[in-house]
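Single-structure report; data block below.
The values are calculated or read from the model by the stated rules, or taken from the named source; none is laboratory data. Since we're looking at a predicted model, the values are computed, not measured. Neighbour counts run over all protein chains shown; Cβ positions are idealised from the backbone, glycine included. With ligands, DNA and RNA removed, areas are computed over all heavy atoms of the protein, side chains included. Shrake-Rupley method; radii C 1.70, N 1.55, O 1.52, S 1.80 Å.
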Amino acid sequence: NLQGRWSVLPYTTPINPIHAALLNNGKVLIIAGSGNNPPVTNFQAAVWDPRNGNITTQSIGWDMFCNGMVVLPDGRPFVNGGTVQYNPFHGSPNTSVFDPLTSQFTDVPLMSNGRWYPTTTTLPDGSVLTVSGTTLTGTTNTKAEIFSPSIWKWSPAYALGWTPPLYPRLHVLPNGNVFYSGPGYQSRYFFPATHTWSGIIANTNYARKRTYGSSVLLPLSPTNNYKPVVMILGGNTPATTTTELIDLSAATPVWQWGPSMSQPRIEMNAVILPNGKILALGGSGTDENATTASYNADLYDPVSNTFSSAGKNAFPRLYHSVAMLLPDATVWLAGSNPQRGTYDPRMELYEPGYLFDSSGNRAVRPTISNAPAVVKYGQTFTVATPDASNITSVALVRPGAVTHSFDMDQRLINLSYTIGSGSLSLTAPPDANIAPPGYYMLFLLNSSGVPSVATFLQVTSGPDFSITPSPWQRVIVRGQSASYSFQIVPSGGLQGQVNLSLSGVPAGASASLMNSA
């Protein structure tokens with residue numbers, strides 16, 4: 001109940017888990033592409049179901065190795081960039097979305113140039129910002145582009161005015177701006193309203209790049225007006241144990257030293273838990289050197305600003321390792337690929353101490369009996385639970401999308417609530433700056449700090465039903481025909497007439513809409 005428990009899963013992953021995203025059905029999309037193995041031309045992805053261990057692999061149409069990935073507001077992973085050439089690496093201009101219902105990838109229009117090692121960020125309006133990566137000719141891409149799912153189109157390319165590192169660490173702040181925290185030591189803002197960047201607003205105390213270190217936006221809470229604090233951890237080779245924090249609500253933000261981790265970490269991961277603590281794990285003292293592997297897991301408490309032990313994992317987790325919070329409040333740890341052509345297929349599971357009582361037995365968990373499927377910003381909504389009187393914390397956790405020591409999607413927002421008879425009355429986040437639109441895991445925590453199994457809900461400002469852009473959108477070749485069907489399923493007590501219409505049919509084409517009961 002203090003350090004938690006580590007175990008090795010009784011099965012392995014059939015592909016190199018370089019990229020991973022949690023889907024709103026509880027499954028995990030894993031992408032290897034060529035898997036850091038240049039001769040491979042059968043590019044691979046897989047879907048893993050943690051509940052039964054099933055892993056289904058599939059071929060993909062282009063090399064998504066070293067992409068950026070987030071999950072769109074409608075629940076589809078958005079896979080941006082990849083590899084068109086090794087040694088030197090040249091980036092791909094391709095982007096694709098993955099449909100969890102059909103397990104199919106659909107390509108979107110090409111970007112203006114390639115991106116290998118880009119970072120993608122979901123903005124408050126639901127669009128996706130992509131920054132950095134190497135181009136089709138191997139230079140660093142110094143322009144940003146924004147994809148709008150509502151019109152299925154990329155923006156013009158906006159010059160950055162500076163040269164970013166590969167895989168920059170970016171976080172959306174409660175004021176709607178985006179903060180760049182590393183791995184370089186000079187911090188900046190991106191302003192989505194003007195598509196411009198600030199000058200340097202702060203320098204880290206660690207005077208070198210935190211290469212393959214991690215960065216986390218600490219939990220946002222209404223109790224402190226959603227004060228944004230970013231934490232950076234580890235990085236560099238030889239690696240550092242140090243961490244730093246910056247309060248971005250300050251008039252003049254300054255990086256401050258945080259507590260040190262128990263071991264140095266390069267190629268590490270950092271995972272937000274439902275109780276707001278940060279699990280720092282994996283990596284090594286020297287890059288891609290298993291003899292210096294960091295097995296200790298550290299648990300950071302933002303309230304006390306201290307680390308405690310979270311036990312030890314079993315295997316070296318180096319380059320191309322991933323870690324992610326699952327809906328049952330456990331943490332999945334997988335991958336390690338320091339040598340090309342081989343990777344560690346063994347997967348581990350961490351059960352945090354909050355899942356055990358003081359005797360080491362399984363803790364009794366609170367349960368969610370019923371919750372809405374969709375909530376709007378600022379809405380008061382009801383969650384049924386027989387444990388209402390014993391709930392002391394409620395958290396929305398955005399499902400992760402992790403690669404190369406950084407989770408581009410994870411985020412935790414605490415909710416205010418009142419206790420009723422067998423239910424809680426919750427207040428959704430006030431706006432999309434606090435919680436960018438999309439799916440979140442809802443966790444209830446009791447007075448012992450034990451979390452429920454999460455239920456997924458969608459946070460949105462849009463209509464209750466939206467099929468724009470349609471998950472079934474496809475390019476139709478002139479002179480050919482196509483038909484598509486979709487099903488609208490009512491949820492959360494919603495009922496009534498649904499009106500369907502067609503728009504955007506070009507001249508010379510015909511289209512019809514047929515309704516069936």
**Report entry** Fraction of accessible area attributable to carbon and sulfur, the chain (%, probe 1.4 Å)
**Finding:** 50 percent
**Report entry** Kirkwood hydrodynamic radius of the range 297-455, from inverse mean 1/r over distinct Cα pairs, in Å
**Finding:** 17.5 Å
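Sort the following peptides by mean Cβ neighbour count (other Cβ atoms within 10 Å, averaged over residues), highest first: 429-438, 190-199.
Working: 429-438: 21.0, 190-199: 14.3.
Result, highest mean first: 429-438, 190-199.
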Report task. At 1.4 Å probe size, with no ligands or nucleic acids counted, give the accessible surface of Trp152 in Å², nearest ten. Result -> 30 Å²
Report task. Would you kindly find the accessible area of Val229, with a 1.4 Å probe and non-protein molecules such as ligands, DNA and RNA excluded, rounding to the nearest 10 Å²? Result -> 30 Å²
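Once you charge only the Cβ atoms, +1 for Lys and Arg and -1 for Asp and Glu, what is the size of the charge dipole of the chain about its Cα centre, to the nearest 20 debye? Present the calculation step by step, with values, prior to reporting the outcome.
Working: 26 positive and 24 negative charges, 79 e Å.
I would put it at about 380 debye.
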Query raised in the report: For the range 1-160, what are the per-bin percents of Cα-Cα distances with bins 5 Å wide, up to the bin holding the maximum?
Result: 2, 9, 18, 20, 19, 14, 9, 5, 3, 1, 0
Query - Charged-residue dipole, Cβ positions (Lys, Arg, Asp, Glu), the range 310-444 about Cα centre, Debye nearest 20 - result: 180 debye
Report task. Would you mind checking the radius of gyration and Dmax of the range 62-109 based on alpha-carbon positions, in Å? Result -> 11.5, 37
Report summary line: The farthest towards the positive end of the charge dipole of the range 60-193, of the residues Asn80, Gln186, Leu166, given +1 on Cβ of Lys and Arg and -1 on Cβ of Asp and Glu, is Gln186
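Just to make sure I understand: if all protein chains stay in place, what is the order of Lys27, Lys312 by accessible area at 1.4 Å, largest first? The partial results should precede the final answer.
Numbers: Lys27 70, Lys312 135 Å².
Order by accessible area, largest first: Lys312, Lys27.
When you have a sec, figure out the Kirkwood radius of the range 311-393 from all distinct Cα pair distances and drop it here in Å to one decimal? Each step should come with its number before you reach the end.
On the way: mean 1/r = 0.0610 Å⁻¹.
For the range 311-393, inverting the mean 1/r across all distinct Cα pairs yields 16.4 Å.
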Query raised in the report: With the contact rule set at Cα under 8 Å and sequence spacing of 6 or more, what percent relative contact order holds for the range 110-254?
Result: 14 percent
Report task. Could you work out the local net charge near Asp407, counting Lys and Arg as +1, Asp and Glu as -1, over the other residues with Cβ closer than 13 Å to its Cβ? Result -> +2
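Gain in length, Asp49 to Ala250, computed as 0.36 nm per residue apart minus the alpha-carbon separation, to one decimal in nm? Kindly include the intermediate steps, with their values, before the conclusion.
Numbers: separation 201, 0.36 × 201 = 72.36 nm, distance 4.27 nm.
Additional length available on full extension: 68.1 nm.
Find the relative contact order for the chain and round it to a whole percent, using C-alpha pairs within less than 8 Å whose residues are 6+ positions apart.
Working: 1448 pairs, mean separation 67.9, N = 517.
So the answer I get is 13 percent.
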Query - Dimensions (Å) - the range 392-436, Cα atoms, principal axes, largest first - result: 45, 20, 12
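I'd like to check one number: the per residue accessible area of the range 353-406, probe 1.4 Å, reported in Å² as a whole number.
Working: 2150 Å² over 54 residues.
Per residue, the range 353-406 has 40 Å² of solvent-accessible surface.
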Report summary line: Expressed in angstrom and rounded, the centroid-to-centroid distance over alpha carbons for the range 283-357 and the range 212-266 is 18 Å
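If you wrap a convex hull around the alpha carbons of the chain, what volume per residue comes out, as a whole number of Å³? The partial results should precede the final answer.
Details: hull volume 79.6 nm³, N = 517.
Dividing the Cα hull volume of the chain by its residues yields 154 Å³.
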Query raised in the report: Ignoring ligands, DNA and RNA, what accessible area per residue does the range 1-121 give at 1.4 Å, in Å²?
Result: 35 Å²
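Sort the range 355-424 into rounded, prolate or oblate with this rule: let a ≥ b ≥ c be the square roots of the eigenvalues of the Cα gyration tensor; rounded if a/c is under 1.5, and if a/c is not under 1.5, prolate when a/b is larger than b/c, oblate otherwise.
Working: a/c = 2.54, a/b = 1.15, b/c = 2.21.
Oblate shape, in that a/c is at least 1.5 and b/c is the bigger or equal ratio.
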Report task. Kindly sort Tyr350, Tyr319 by accessible area of their heavy atoms, largest first, with the probe set to 1.4 Å. Result -> Tyr319, Tyr350
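Quick check: net charge around Gly176, other residues with Cβ under 10 Å of its Cβ, Lys/Arg +1 and Asp/Glu -1? Kindly include the intermediate steps, with their values, before the conclusion.
On the way: positive: none; negative: Asp125, Asp431.
My count for the surroundings of Gly176 gives -2.
At 1.4 Å probe radius, can you tell me the per residue accessible area of the range 145-218 in Å²? Don't skip to the end; give the middle numbers.
Numbers: 2840 Å² over 74 residues.
So the range 145-218 comes to 38 Å² accessible per residue, rounded to a whole number.
What is the extension gain from Ile201 to Thr102, computed as 0.36 nm multiplied by their sequence separation minus the C-alpha to C-alpha distance, in nm to one decimal? It would help to have the intermediate numbers written out before the result.
On the way: separation 99, 0.36 × 99 = 35.64 nm, distance 4.49 nm.
Difference between extended and current length: 31.2 nm.
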Query raised in the report: If one computes the Cα centroid of the range 105-155 and of the range 1-74, what distance in Å separates the two points?
Result: 22 Å
Query - Sequence-distant lysines (8 or more away, or on other chains) whose Cα lies within less than 28 Å of Lys312 - result: Lys27, Lys209, Lys277
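How high is the relative contact order of the range 272-331? Use alpha-carbon pairs under 8 Å, at least six apart in sequence, and give a whole percent. Mind showing how you got there, number by number?
Details: 100 pairs, mean separation 19.2, N = 60.
Relative contact order, the range 272-331: 32 percent.
By the scheme Lys and Arg +1, Asp and Glu -1, what is the net charge of all other residues having a beta-carbon under 12 Å from that of Gly213? Walk me through the intermediate numbers first.
Details: positive: Arg169, Arg208, Lys209, Arg210, Arg265; negative: Glu244, Glu267, Asp287.
Combined, the nearby Lys, Arg, Asp and Glu give +2.
Rounded to a whole number, what is D in µm²/s for the range 186-285 from Stokes-Einstein with the Kirkwood radius over alpha-carbon pairs (37 °C, 0.692 mPa s)? Mind dumping the intermediate values first?
Details: Rh = 14.5 Å.
The calculation lands on 227 µm²/s.
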**Report entry** Within straight-line cross-link reach of Lys376, aspartates and glutamates at Cα separation under 18 Å, skipping those fewer than 8 residues along the same chain
**Finding:** Asp74, Asp125, Asp431, Asp464
